[in-house]
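The values are calculated or read from the model by the stated rules, or taken from the named source; none is laboratory data. Everything numeric here is computed off the predicted structure, so don't read it as measured data. Virtual Cβ from ideal backbone geometry, glycine too; neighbours counted across all protein chains shown. For accessibility, only protein heavy atoms count, side chains too; no ligands or nucleic acids. Shrake-Rupley method; radii C 1.70, N 1.55, O 1.52, S 1.80 Å.
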Amino acid sequence: MKKVLAAIINNPKSLVIGLTILTSIFLISLLFPKGDRFEYDYEVGQPWAHESIVAESDFYVWKTKSELEEEKNLIRSQFRPIFQRINNRDVFYQRWKDLLNTAKSNLPVEVSSRLTEYVYQHDSKEVIYGEDLTFDGKLYDRFRLVSGSEDIELRAEDYITVQSLHDVMSPLMKLYPDDPLMDMVTLEQNESLSNQRYSTAQDEITAYKRKINAGETIISRGENVSTRAADALSSLKSSREGSSLNNTIIFFGFLLLTSAIIGVFILYLLLHYPEYFYSAPKIMLLLILIVTMSFLVYSIEHTDNISSYLIPFCIVPIIVKSFYSDRLALFTHVVMILIVSILSELGYEFTFLQILAGIVAVLVIEDTRSWNKFFISIFSIIAAYFIGHLGLCLIKYQPGVPIDWSVFKWLAISGVLTLLAYPFIPLLAKLFGFLSTITLTELADLNQPLLKELSINAPGTLQHSLQVANLSEAAAEKIGCNSLLLKVGALYHDVGKLHNPSVFIENQKGMNPHDHMTNFESARAIIDHVTEGAKMAKKAGLPKAIIDLIQTHHGTTRVEYFYRNQKNQFPDQEFDESLFAYAGPKPSTKEQTILMIADSLEAASKSLQNPTGQDIDQLVDKIVDYKITNGQLSDSALTFSELQDCLSVFKAMLRNINHVRVEYPELKKQE
């Protein structure tokens, strides 16, 4: 036992999973019926029809959640992050001025004048990191400078960001990229002091409005119920309910029951889907879905004129099937229905209908990308509800006792609400870092901002990406891996070229920027498209799997053209060869490996003039052999058998893309 506890404590991931399970069990248990209830009914503004209420003991009148949230938001809006001085402003700007004077001879006159004018115009402003303006998830345009004797509020006109400074001074930065000044600012956020002041302000908020003392009259008979009295009655109700020993016993009974049901569910995951059990986001989503549906049932059961039949329980198996598997979707649905059936007063008919509908949902929902198929599936679920309820009604039929047709209305609403699964799937995918077919399909739309920008500013790159996407998708389908993910990844793999489109040959129109660059500068400009692409993808909110494809599509290979140029032009000069190599990492998944190879093949095939089929085959084999020899596939999950299948697809498609000439057989000479 001690070893198990030690293993859990030493493994934060296991601790998070354990806490998630225990929290889910506890939250669900809180929803089950309790003992004593506050027995008085009343309305604000109406006379109090019961006996006068006198406080039997001290208690507090608590603020509502919205009131507390409003106070917190007010403090948050009025708060100013705290900054401290790390560099003297005058010295900072003087260094820029000195650097400009030094670089005058290396800069065009108009550029030098423009940069000098900018520095002199802004030398009264502080320089900060743009990200420092964010505190507790909120972006501020004002902050307080607390440093030494300084304690002042700075507004937007009092500072500039280092990013905007660098944008203007980029010509100078290219001349002195390693100068320490390039990474300097005058102020930075003092996170510790900011947190301290913010916490102090938040701590001053009290959770209660006032205290009611024992013996104080809360409301008298016949008195109109004011908002103040209603607040006191609400707090009195909260203090009375759940305070008895009986309530505690009942709570632990339901806690035991919930633990048994969730325990069986967890055991099933551990035995059949350990990869989901040991993934905190995966197990968290499953438990959140169960807890959420339990809360919905609890809320509706405590609301008049609404039936729990209207809750779209089939959303859960649809979501689970999208991210996990069919079997787990059904098992999760059954576990959820067992729990909510205890919360509901609708009896076994409710349990039967929900399990039946869940089975139908798992069987008929195949592709959430297509609205047509999705609508057909929804109609199937509604039909299962109607047929099941009609059968139950016929079983219980008695002459003279009418059928309750209102249930059909609630079931129809439930079926329609199941359509909410469609928007929920991409939303949950984004929140939990999962990939869904809906998300990927949306990202594949060429009207997406990044792809649209690529078509305008780097059309050659977009055409290349489309060809790579076709090659990658076909190869992925051949070996049975995620072809849609690979297609989308291929579309975005070169978005980093938007950072400097003209340095890539497919986007050049006449002038070649490399003619005026050293081999090192050219290599850096080429290599940067990977790191810049990852940054753009993160900024655009693309899934991590797409970002990984961007970062690995060149592995740790070299920019061979400029590397060889450097070797040939300066054979006796030693240099750091890593300056010509991509940072990687190497591809590890099958999708990443396929993209790397497809990208290289598509680009290289453009250099062939009127290629024959043999030329294409030799090119494919040569490039793949080079990747293997240089260890680029050493971490890949792709097997050699799968690699050969991919290569056969690449060879066939490249022949079609490059319009390979027919190879005529030679005429044999007759003797």
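Quick notes on this one:
- Zero-based 10 Å bins, Cα pair distances in region 496-637, whole percents: 11, 35, 38, 15, 1
- Share of pairwise Cα-Cα distances greater than 19 Å in region 394-537 is 67 percent (whole percent).
- Adding -39500 (n - 2.57) for every DSSP H run of four residues or longer, then dividing by how many residues the chain holds, sets the calculated 222 nm ellipticity at -19000 deg cm²/dmol.
- Computed on region 128-228, the Cα convex hull volume stands at 186 Å³ per residue.
- Across the options 59, 254, 74, the greatest Cα extent toward the positive end of the charge dipole of the chain (unit charges at beta carbon of Lys, Arg, Asp, Glu) belongs to 254.
- Percentage, to the nearest whole number, of Cα pairs in region 235-365 over 24 Å apart: 35
- In region 233-332, the GluC sites (Glu not before Pro) that fall in loop regions by DSSP, at most 15 other Cβ within 10 Å: 241
- Residue 62 exposes around 120 Å² of accessible area when a 1.4 Å probe is run over every protein chain in place.
- The chain: angle of helix 459-479 to the longest principal axis, Cα-based, in degrees nearest 10: 70
- With the charge dipole of region 85-222 set up from +1 on Lys and Arg Cβ and -1 on Asp and Glu Cβ about the Cα centre, the Cα lying farthest toward the positive end among the listed residues 207, 218, 169 is that of 218.
- Distance cut-off 12 Å, percentage of C-alpha pairs in region 574-625 lying past it: 72
- Heavy-atom accessible area order for 185, 264, largest first, 1.4 Å probe: 264, 185
- Every pair of different Cα atoms in the chain enters the Kirkwood calculation, which places the hydrodynamic radius at 31.7 Å.
- When the charge dipole of the chain is built from unit charges on Cβ atoms (+1 for Lys and Arg, -1 for Asp and Glu) and taken about the Cα centre, the candidate among 484, 187, 511 whose Cα reaches farthest toward its positive end is 484.
- Residue 114-residue 610 FRET efficiency (beta carbon distance; Förster radius 56 Å; 0.05 resolution): 0.65
- Here the ratio of the Cα radius of gyration of region 433-514 to 2.2 N^0.38 Å is 1.19.
- Residue 517 - accessible surface, heavy atoms, 1.4 Å probe, Å² rounded to 10: 60
- Carbon and sulfur %, accessible surface of region 272-350 computed with the full protein complex present, 1.4 Å: 62
- Of the accessible area of region 63-211, computed with a 1.4 Å probe over protein heavy atoms only, carbon and sulfur atoms account for 47 percent.
- Computed over region 482-578, the ratio Rg/Rh where both radii use C-alpha atoms and Rh is Kirkwood: 1.04
- Within the shell defined by Cβ-Cβ distances under 14 Å, the residues around residue 358 carry a net charge of +1, with Lys and Arg each +1 and Asp and Glu each -1.
- Label-point gap, in nm, between residue 121 and residue 502 - each point 7 angstrom along Cα→Cβ: 2.4
- Gap separating the Cα centres of region 609-627 and region 89-117, nearest whole Å: 52
- Entry note, the chain: relative contact order of 11 percent, from Cα contacts under 8 Å with a spacing of 6+ residues.
- Only aspartates and glutamates eight or more places from residue 97 in sequence, or on another chain, were considered; those with a Cα closer than 18 Å are 110, 117, 123, 126, 167, 178, 179, 183.
- Straight Cα distances below 22 angstrom link residue 104 to the lysines 174, with same-chain residues fewer than 8 positions distant left out.
- Rounded to the nearest 10 degrees, the angle from helix 227-240 to the longest Cα principal axis of the chain is 90 degrees.
- For the pair residue 179 and residue 412, a Förster radius of 45 Å applied to the C-beta separation gives a FRET efficiency near 0.05, rounded to the nearest 0.05.
- Each 5 Å bin, from zero up to the one with the longest distance, holds this percent of the alpha carbon pairs of region 595-645: 4, 18, 30, 25, 13, 7, 2, 0.
- Each Lys and Arg Cβ is given +1 and each Asp and Glu Cβ -1; about its Cα centre, the chain then shows a dipole of about 940 debye.
- Only protein heavy atoms count here; on that basis, with a 1.4 Å probe, residue 536 has an accessible area of about 40 Å².
- Under 24 Å, Cα to Cα: Lys pairs in region 438-542, sequence gap 8 or more or different chains: 15
- Dimensionless Rg/Rh of region 168-271 - Kirkwood Rh, Rg from C-alpha atoms: 1.36
- Accessible area per residue in Å² at 1.4 Å probe, computed on the chain: 54
- Rounded to 10°, Cα long-axis angle of helix 590-605 versus longest principal axis of the chain: 30
- Assigned charges on the beta-carbon of Lys, Arg, Asp, Glu; region 268-381 dipole about Cα centre (debye): 380
- Straight-line reach from residue 396: taking Cα to Cα under 24 Å and skipping same-chain neighbours fewer than 8 places apart, the lysines in range are 409.
- From the alpha carbon centroid of region 299-343 to that of region 146-165 is 53 Å.
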